[in-house]
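**Student:** Before anything else, here's the structure in question.
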Amino acid sequence: MASKTSNPFVFLQQVRSETAKVTWPSRRETMISTAMVLAFAFIAAIFFFAADQLMAYGVELILGIGR
């Protein structure tokens, strides 16, 4: 079992050394990923809006209630 260290300075040193090992994305990669997320969120919003409208129309057609 690993020894538990309660010294906050040792902890901060370990955090700093682990952060140095991280491969950070470039600015370009971050911008492309952000644009893709926003595009897919917009596509999903359109899809769910259309699905909701279609189901509302179906319920109104079948049951005669709504809107």
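The values are calculated or read from the model by the stated rules, or taken from the named source; none is laboratory data. Fair warning: this is a prediction, and the values are worked out from it, not measured in the lab. Positions of Cβ are generated from backbone atoms using ideal geometry, with glycine treated the same way; all protein chains shown enter the neighbour counts.
**Student:** Among the residues of the range 1-18, how many are at pLDDT 75 or above and of a type in the set (Ser, Thr, Tyr)? Steps first, please.
**Tutor:** Of all residues in the range 1-18, those at pLDDT 75 or above come to 6-18.
With the extra rule that they be of a type in the set (Ser, Thr, Tyr), the set shrinks to 6, 17.
Number of matching residues: 2.
**Student:** Further, regarding this structure: Look at the range 12-40 and say how many of its residues are surrounded by fewer than 10 Cβ atoms within 10 Å (Cβ to Cβ) and outside any loop (DSSP other than H, G, I, E, B).
**Tutor:** Within the range 12-40, the subset surrounded by fewer than 10 Cβ atoms within 10 Å (Cβ to Cβ) is 16-24, 26-28.
Pick out the ones that are also outside any loop (DSSP other than H, G, I, E, B) and you get 16-21, 27-28.
Of the residues in the range 12-40, 8 are surrounded by fewer than 10 Cβ atoms within 10 Å (Cβ to Cβ) and outside any loop (DSSP other than H, G, I, E, B).
**Student:** Before we move on, is Leu61 loosely packed, with under 10 Cβ neighbours inside 10 Å, hydrophobic (A, V, I, L, M, F, W, C) and at negative phi?
**Tutor:** yes
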